[in-house]
Amino acid sequence: MKKFYITTPIYYPNARPHVGSAYTTIVCDVLARYKRMCGYDVAFLTGTDEHGEKLERAATAAGQSPSEFVAEKRELFIELWKKLGIDNLRFVYTGQPDHVTSVHRMLIRAKNYPLRYCVRCCLYVHGIEPVNCPQCKQSLEPRDVIYKARYQGRYCVSDERYISDGSEPVNCDICGRPAELISEENYFFRLSAFGPTKPDGDDGPLLSLYRDNPNFVQPSYRMNEVKSFVKSGLRDISVSRKRIKWGIPFPLDAERDDPEQVVYVWYDALTSYLTGIGYAQDENGGPDFQKYWLHTDGPGEVVHMIGKDILRFHAVYWPAFLMAAGLPLPTTVFAHGWIYYEQDKMSKSKGNVVYPEPIIKALDFFGAPGNDALRYYLLREAPFGQDMSFSYGGLIDRYNFDLANDLGNLASRVLTMLNRYFAGQVPDAGGLALSNEETNLRSRFFEASFPLNHGEAEFCAEHFDNLNLHLAVEQLCLLVSYVNHYLTQRQPWALAGSAKPDDQDALRLVLYTAADLLRTITVLLYPVVPRSAGRLWAQLGCEGELWKQNPKELAWGQLKPGRKVGKAEPIFPAFRNKDKEAVLAKIEEFAEADRNRNKPKEAFIPVHTEKKPEAAPATGPELRIPSPQSPVPSPQSQAPCPALISIEDFAKVDMRVGEVKAAERVPGASKLLKLMVDIGTEVRQLVAGLAEYYQPENLIGMKVVVVTNLQPRKLRGVESNGMIVAASADEPGRPVLVTFKEDVANGARLR
Ligand code: MSP
């Protein structure tokens with residue numbers, strides 16, 4: 001049996017998954033299901049990328065250990081995949097114990113990779129043969145693939161990428177954030193040895209790979225990008241980080257690690273594709289690794305499905321890492337486009353990130369298959385490979401037109417008539433002569449006609465084979481329209497009204513034909529909308545398991561006569577006009593509830609109270625926010641009573657309950673502490689003039705009051721996003737932090 005191994009990228013669990021991460025995973029699920037139907041032995045891997053500086057910082061900001069933090073977030077991915085109807089998954093995470101073995105094994109193999117260099121011709125020679133330079137015949141010098149050198153350059157923590165080798169300030173070309181300067185001793189991977197042998201040449205290991213395997217990178221226009229990047233010459237890349245603790249120790253050899261260095265997060269992450277199928281299991285990899293990667297018991301394909309932003313890692317670095325480890329390469333790296341929200345890049349700060357859960361929940365609420373509707377929309381909306389603009393209205397329209405009107409209508413017409421005219425059974429049309437309409441339909445669906453050498457049903461399958469997913473779905477729509485058109489032509493409802501034996505035969509033939517072709521469509525539909533296709537399959541009373549039907553073996557007349565069909569229960573209820581608005585409003589309602597899910601309820605502090613609050617006597621110490629820009633005045637220096645303000649003015653100050661998650665001194669500033677404070681919706685960085693009176697470690701876990709809507713300021717170069725409220729005590733300048741006797745949720749508002 002042929003093997004098919006498909007992978008999603010492993011996702012950073014620093015935030016919950018959104019529609020972009022869902023997109024790649026859905027696409028892989030569609031292909032995995034399709035290949036299984038075609039008889040392949042399929043392995044489908046996804047997972048989470050849990051090491052690196054970005055995760056380390058996110059965990060610190062959340063006041064958790066990195067391992068606690070990632071374990072919690074990992075669950076969110078697993079939950080969402082279930083909701084999206086994704087199954088038969090293997091899940092890998094880079095913190096799993098056997099992953100260290102994989103990464104170490106890869107690096108040690110790379111260390112032993114036979115590489116030599118001709119100083120005269122500036123040429124790398126891979127392997128142990130030939131002994132001398134193939135050009136000048138002089139002797140060659142050995143070169144290590146992994147070597148140690150100093151790295152100085154700009155690094156983007158958000159994308160975990162080296163941006164430039166210079167120290168000049170520069171922004172990351174993917175996320176646009178300023179890249180940070182790093183300067184440290186690192187281990188390097190000699191990527192240059194895998195590039196062209198001479199400037200702008202077209203040979204060398206990577207360019208030969210692309211030349212010999214033109215489908216290695218898809219779509220083809222992305223292959224051109226990759227080729228020209230490699231042709232322009234490759235620089236060696238750093239594969240370790242010194243300052244970071246949260247990662248896999250860099251191996252010196254099979255027994256010892258370098259205590260100062262961890263493996264660069266991308267080297268670590270890419271290797272998870274091997275760990276996920278048992279590379280670490282024994283010396284030559286476990287049985288699944290042998291089966292799906294080494295193809296020891298027969299041919300197979302390996303497909304990495306990724307977004308366009310991470311193409312270079314997969315199409316340039318990854319094959320070079322594998323070559324250096326002496327391992328086979330994947331068959332295809334497919335880079336799809338990005339999902340934008342109504343043409344705009346999704347970002348948390350813009351508040352336009354689309355999450356799948358509210359969509360699924362809202363559609364389910366109205367009796368529609370939410371996960372299938374989303375899957376369908378994502379596949380149908382844009383040519384696969386290109387960017388797509390997401391809109392909630394577009395999703396409902398697409399669902400209405402294609403699924404509710406065309407397919408839903410066809411299914412309910414056929415089932416209603418089978419129930420009404422044939423007592424809920426598939427009629428027997430055996431031996432009846434086909435009219436022109438049936439002959440045409442048969443040949444359209446199943447017979448070759450120029451320029452196709454097979455029918456259009458198989459054409460649909462061919463689009464799945466070629467990763468033209470939007471064309472496969474468009475072709476399905478076309479097949480549905482043929483059958484709808486056929487029913488309109490043949491008018492079975494009119495035939496049913498006639499007592500003529502010929503018309504009764506025609507009725508049997510027409511309804512059998514429509515039901516049989518609906519069966520064909522259901523098979524082809526299954527990878528895209530598995531839940532709904534399963535319902536349709538059951539309603540049609542089809543024999544056998546749906547996922548076992550081979551899309552390449554579909555033929556005319558496969559529906560068994562005499563089978564009992566189900567009731568015509570609508571699978572895709574339509575949402576027109578007002579209904580559409582109601583669905584959109586429901587999505588918004590669930591999205592809002594989702595946004596507030598982690599926000600605590602507001603704590604209510606009565607404004608008017610009989611009992612005077614002890615902490616605020618009229619002439620006592622006033623509430624102040626200690627900060628170096630406004631040193632806390634002594635009580636003696638206070639004005640007797642500030643001017644009265646309106647309640648509206650007071651309401652402008654947003655004060656929240658916060659919990660101190662981390663605290664440290666600001667280097668070179670004796671009065672300042674840098675605090676990370678959880679204010680419910682986020683963890684804020686604040687700088688406060690508390691260092692003379694509070695030990696940082698004593699603040700951790702303390703509930704404080706934060707003014708959250710002050711403009712950010714920089715104090716000694718450290719950004720402060722808000723202020724902590726304190727009373728100004730008797731000792732001049734001594735701040736006393738305001739805190740709570742009762743337990744109050746982080747983020748609760750003071751009013
Ligand atoms: N951890 C790395 C991948 C390592 S794979 C060995 C990473 N993670 S990520 O979480 O930032 O991104 C994972 C995938 O999600 C990428 O393929 C990326 O292209 C995809 N997407 C993230 N946002 C997206 C959209 N808005 N639209 C479509 N895909 C997007 O990179």
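Just so it is clear, none of the values below were taken in a lab; they were calculated from the coordinates. This structure is a prediction, so every number in the text was calculated from the model and none was measured. Heads up, the Cβs are rebuilt from the backbone with ideal geometry, glycines too, and the neighbour counts pull from every protein chain shown.
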Q: Find how many whole Å separate the alpha carbon centroid of the stretch 422-444 from the alpha carbon centroid of the stretch 661-719.
A: 77
Q. Near Pro142, within a Cβ-to-Cβ distance under 13 Å, what is the net charge of the other residues, with Lys and Arg +1 and Asp and Glu -1?
A. +2
Q) Cα gyration tensor of the stretch 660-730, axes a ≥ b ≥ c as square roots of the eigenvalues: rounded (a/c below 1.5), prolate (a/b > b/c) or oblate? A) rounded
Q) In the structure displayed, which of Lys83/Lys361; Lys245/Lys714; Lys111/Lys227; Lys148/Lys242; Lys2/Lys291 lie more than 18 Å apart, Cα to Cα? A) Lys245/Lys714; Lys111/Lys227
**Q.** Percent of beta bridges antiparallel (DSSP, the chain, rounded to nearest 5)
**A.** 70
Q: Find the relative contact order for the chain and round it to a whole percent, using C-alpha pairs within less than 8 Å whose residues are 6+ positions apart.
A: 11
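Compute the relative contact order of the stretch 666-705 as a whole-number percentage, counting only Cα pairs closer than 8 Å that sit 6 or more residues apart in sequence.
33
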(Q) Based on alpha-carbon centroids, what's the gap between the stretch 162-196 and the stretch 31-81 in Å, whole number please? (A) 26
Q. Once both axes come from the Cα atoms, what is the angle between helix 469-490 and the longest principal axis of the chain, in degrees from 0 to 90, rounded to 10?
A. 40
Q. Taking square-rooted eigenvalues a ≥ b ≥ c of the alpha carbon gyration tensor, is the stretch 106-152 rounded, prolate or oblate, where a/c under 1.5 means rounded and, failing that, a/b exceeding b/c means prolate?
A. oblate
Q.
What's the magnitude of the charge dipole for the stretch 241-300 around its Cα centre, counting Lys and Arg as +1 and Asp and Glu as -1 at the beta-carbon? Answer in Debye, nearest 20.
A. 400
Q.
Relative to 2.2 N^0.38 Å, what does the C-alpha radius of gyration of the stretch 458-546 come to as a ratio? Two decimals please.
A. 1.27
Q: Check the straight Cα-Cα distances from Lys674 and name the aspartates and glutamates below 17 Å, setting aside those fewer than 8 residues away within the same chain.
A: Glu659, Glu664, Glu682, Glu692, Glu697, Glu719
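If you filter the stretch 225-320 for GluC sites (Glu not before Pro), then keep DSSP loop positions with at most 11 other Cβ within 10 Å, what is left?
Taking the stretch 225-320 and a limit of 11 other Cβ atoms within 10 Å, the loop GluC sites (Glu not before Pro) found are Glu255, Glu283.
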Q) How far is helix 265-275 tilted, in degrees, relative to the longest principal axis of the Cα atoms in the chain, given as a value from 0 to 90 rounded to the nearest 10? A) 40
Q. What are the residues whose amide H is under 5 Å from the amide H of His336, where those residues sit 5 or more places off or on another chain and H is modelled from the backbone?
A. Ile306, Gly307, Lys308
**Q.** Per DSSP, loop trypsin sites (Lys or Arg not before Pro) in the stretch 283-380 with at most 11 further Cβ within 10 Å
**A.** Lys348, Lys350
(Q) Between helix 530-539 and the chain, what is the angle of the helix's C-alpha long axis to the longest principal axis, kept within 0 to 90° and rounded to the nearest 10? (A) 30
Q | Tensor-based shape of the chain (alpha-carbon gyration tensor, a/c under 1.5 rounded, otherwise prolate or oblate) | A | oblate
Q | Debye intensity ratio in log₁₀ form over the Cα atoms of the stretch 12-61, taken at each q of 0.20 Å⁻¹ | A | -0.75
Q | the chain, helix-only ellipticity at 222 nm - DSSP H runs n ≥ 4, -39,500 (n - 2.57), divided by all residues, nearest 500 | A | -10500 deg cm²/dmol
